[in-house]
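Worksheet: the structure to be examined is printed underneath.
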Amino acid sequence: MSEQHSDIRFDWDRRHRTGIPEVVLAERKSAAQLRQIAEQAVSKGESLFFTRVSEQQARNLCSCIEHSIHYHAESRTLYIGSSPLTAQEPSERYPTPVAIVAAGTSDVPVVAEIEQTLLYLEVQSTRYVDVGVAGLWRLLEITEPLNQHAVVIAVAGMEGALFSVLSGLVSAPVIAVPTSVGYGVGEGGQVALNAALCGCSPGLAVMNIDNGFGAAALAMKMLQVHVPAIKR
């Protein structure tokens, strides 16, 4: 189906305008819509990144795109194009990795979305998981290595105490990603979100609940301030 007769109007020039390419949110999109988007990318020879991709959606896309398609189940992300940057490859544009700090292992799916998005944007990351403030010594042990990073992303659910504490320990800007991990009054991540928004430590930016992609995009823009000569 041609773009002229499609409901899909993809923003192929977004990377040139903003430094961040358009990324496809697969959630709530039909198999036909996702296929149209994927076929447009293939016909243009463009790479493309999808978030919130279910296993069934991934199977459908893999059945219609024969080559250069990569699905990452833990993060529910999918990439079409030549092989993206891997976790082992150094990034030429951004030599300093972004730190991703997660309160608990239940937050790992959001951590993985951040990692995969950063790799698509050609940014490396280092993860520090299960360092929530219930055992504050765990966080204090990694404060020194965290201060070697230009940007820190904090990921936490439950009461969201990690955000303000971490922001008060490091010199880098901290991006808070509240997760939907929680129950009772904390169900769905609402307490963690409000805790992040009410954080008393300065230098804290706040994403929406489970918005790992948004955190990765903001981290990249922050890194571009450190490397202003990047050619988009």
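Taken together, the values in this text are just the output of simple stated rules run on the coordinates, not laboratory data. Quick caveat, the model's predicted, so the values are computed rather than measured. Every residue, glycine among them, receives a Cβ derived from its backbone with ideal geometry; neighbour counts consider all protein chains shown.
Simple spin-label estimate for residue 208 and residue 140 gives 3.8 nm between the two label positions (7 Å along the Cα-to-Cβ direction from each Cα). Shown for 197, 169, 223: other C-beta atoms within 10 Å of each C-beta, ranked fewest to most, produce the order 197, 169, 223.
By the beta-carbon count within 10 Å of each Cβ, the least crowded to most crowded order of 129, 110, 152, 24, fewest first, is 129, 24, 152, 110.
What share of the DSSP beta bridges in the chain is antiparallel, in percent to the nearest 5? Show your work: numbers first, answer last.
Details: 7 of 26 bridges.
Taking every DSSP beta bridge within the chain, about 25 percent pair in antiparallel fashion.
The coefficient of translational diffusion for the range 3-80, derived via Stokes-Einstein from the alpha carbon Kirkwood radius under 25 °C and 0.890 mPa s, stands at 192 µm²/s. Per residue, the convex hull spanned by the Cα atoms of the chain amounts to 131 cubic angstrom. Which angle from 0 to 90°, rounded to the nearest 10, does the C-alpha axis of helix 31-44 make with the longest principal axis of the chain? On a 0 to 90 degree scale, this one is about 80.
Axis of helix 212-226 versus longest Cα principal axis of the chain: the two differ by about 80°, to the nearest ten degrees.
The long axis of helix 55-64 is offset from the longest Cα principal axis of the chain by roughly 30 degrees. Taking amide H as placed 1.01 Å from N in the peptide plane, the amide H of residue 181 sits under 5 Å from that of 158, each at least 5 places away or on another chain.
The range 104-232: percent of C-alpha pairs farther apart than 23 Å? Don't skip to the answer; put the middle values down first.
On the way: 2129 of 8256 pairs.
Here the tail beyond 23 Å accounts for 26 percent of pairs.
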